[in-house]
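Since the structure comes first, as structure tokens, the remarks are kept for the end.
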Amino acid sequence: MFQPLSLFLGLRYTRARHGQGFTRFIQRVSLVGLILGVAALILVGSVMNGFEAELKNRILSVVPQLEVTNEDSQQDTLADWQELIEGLPEFAGQRAVVPEVTTAGLVQGKQQLHAVSVQGVFPQHADSTIQLQPLREHLSAGQLDLSEGSYHVILGYSLAQQLNVWPGEQVRLVAAGGGIYTPLGLVPAQRLVTVAGVVRMQSEADQHLVVMNGADLARLLRMAKDRVTGVRYYFADPFQALPAAEQLQRQVAAPLQVKSWRENYGHLFDAVSMEKRMINLMLGLIIAVAAFNIVSSLMMVVQDKRSDIAILNTMGLAPHKLRRMIIMQGLTTGVIGSSLGLASGLLISAYVNEILRAFGVDLSFAGPAGLPVVIDAWQVSATVIAALSLTFLATLFPAWQASRVLPAHALRYE
């Protein structure tokens, strides 16, 4: 089969077993470095993507992704929320817009008192199934009974553990709003409520999550009938709430205010994003070291094969073809290393939990399913392309040096 001369010679020198042993050793080290670097980047990137997806699923599915509230100091509730929902724009990825009643508060158990964030939902609303779906999926104990008038609450797992209360038991809920002034001072709104269920989101939300019926919470806060504290958006991807918040803020007028999840939980995702960048940078150094090894090995090949290069030059092989020959030799190592690293990274990512369990690693901290893994095709492609690009750049200087070999000098003592 016909092959270009540069490709033929480059592959021949790559497969050659004679020559300096140290040069072959450096070539093998470069190959192993590329394999390890590409595989490690794919594996770690997939696991970090999985943790980021779990954060979005376990935290942003139960906290307000995007909400519109009334910031009027005199009256911070919404009376015409039905008209407000009808007049709000629809955004890409939007799943639902629901009314909400929220407040800060305290929950008193048998011996302890904890600050919580109380969310009031309206199960009778048309889009309530989307709002209650994550609670149903992560229900750990009890049942999701939030019927109006029952004063049932759903607690986060960590909060239930700290209070040592479980379904069927009662706790005292003290709300931050709704207090009344008496001759003895301010009396906060409070009531005994029954724990109907416990949800285990395995996230920060478990420590302060309390969910109850919105109408019951509104009565506890002594709000007027048919009033809510705001309306909440739900998106297919919570990150879609960020551009939607900027657009919505320009469309609503004071005293309405738009808030997104970034105000309370942005630091978590910023930390994950920074950690991903730093890990990718450190693992990328493995590929960079392998690329420098390719430079070293090719420079040794050029010095070792000066006579061969000079003979090819005297036989009429053009300098640009000599450069291609060296580039092909280096790219062969890059292609083989990137391909094996790609295959190894994808294989290990697919079975990382089974491999870790086989070595006796305890994965209980990550939940029953083990480490979350999300393989991003674009990220994998970028890793392979980056490895090949570094390999190509590493071949340019040795190729230029090979094209500058003078036949008279190289063959002087032959």
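The values are calculated or read from the model by the stated rules, or taken from the named source; none is laboratory data. The structure displayed is predicted, hence computed values, not measured ones. With ideal geometry, Cβ positions are generated from the backbone for all residues, glycine too; neighbour counts draw on all protein chains shown. Remember, those area values only see protein heavy atoms, side chains included, never the ligands or the DNA or RNA. Shrake-Rupley method; radii C 1.70, N 1.55, O 1.52, S 1.80 Å.
R412 falls short on exactly one of the conditions (1) at pLDDT below 85; (2) not in a loop (DSSP other than H, G, I, E, B), and that condition is (2). For the range 240-255, the criterion of a residue being at pLDDT below 85, outside any helix (DSSP H, G or I) and not aliphatic (A, V, I, L, M) is satisfied by at least one position. Being modelled with pLDDT of 85 or more, closer than 30 Å to L342 by Cα, of a type in the set (A, V, I, L, M, F, W, C) and not in a loop (DSSP other than H, G, I, E, B) is the requirement here; does L55 meet it? Against the criterion (modelled with pLDDT of 85 or more, closer than 30 Å to L342 by Cα, of a type in the set (A, V, I, L, M, F, W, C) and not in a loop (DSSP other than H, G, I, E, B)), L55 does not qualify.
The residue list A343, A387 contains one member that is crowded, with 18+ Cβ neighbours inside 10 Å and either charged (D, E, K, R) or over 20 Å from E52 (Cα atoms) (or both), which is A387. Of all residues in the range 49-104, those being closer than 30 Å to S273 by Cα, aliphatic (A, V, I, L, M) and open to solvent by 20 Å² or more (accessible area, probe 1.4 Å) number 4. Whenever a residue of the range 115-129 is more than 11 Å from S147 (Cα to Cα), its partners that are of a type outside the set (A, V, I, L, M, F, W, C) and open to solvent by 70 Å² or more (accessible area, probe 1.4 Å), lying with C-beta atoms within less than 8 angstrom and at least six residues away or across chains, give the pairs D127/R95.
Going by the conditions given, is A377 at pLDDT 85 or above, within 21 Å of the chain's Cα centre (by Cα) and either over 22 Å from L340 (Cβ atoms) or exposed (fewer than 13 other Cβ atoms within 10 Å of the Cβ) (or both)? Here the answer is yes, as A377 does meet what is asked. Of the residues making up the range 251-300, just one is of a type in the set (F, W, Y) and open to solvent by 60 Å² or more (accessible area, probe 1.4 Å), namely F292.
Out of curiosity, is E263 in contact with a strand residue (DSSP E or B) (Cβ under 6 Å, 6 or more places away or on another chain) and acidic (D, E)? In short, no. Taking the conditions (1) under 25 Å from E52 (Cα atoms); (2) of a type in the set (G, A, S); (3) part of a helix (DSSP H, G or I); (4) modelled with pLDDT of 85 or more in turn, A205 satisfies each one other than (4). Checking G37, G109 one by one, the residue that is in contact (Cβ under 8 Å) with a residue 24 or more places away in the chain, open to solvent by less than 30 Å² (accessible area, probe 1.4 Å), in contact with a strand residue (DSSP E or B) (Cβ under 7 Å, 6 or more places away or on another chain) and farther than 25 Å from V228 by Cβ is G109 and no other. When the residues of the range 147-161 are filtered to those that are of a type in the set (G, A, S) and more than 31 Å from the chain's Cα centre (by Cα), the one that is farthest from D206 (Cα to Cα) is G149. Here the range 216-241 is the region considered, the condition is being basic (K, R) and touching a residue at least 40 places away in the same chain (Cβ under 8 Å), and the residue that is nearest to A79 (Cα to Cα) is R227. Going through (1) modelled with pLDDT of 90 or more; (2) over 23 Å from N57 (Cα atoms); (3) open to solvent by less than 30 Å² (accessible area, probe 1.4 Å) one by one, G185 falls short only on (1).
How many residues, within the range 217-233, are surrounded by 22 or more Cβ atoms within 10 Å (Cβ to Cβ) and not in a loop (DSSP other than H, G, I, E, B)? Total satisfying the criteria: 7.
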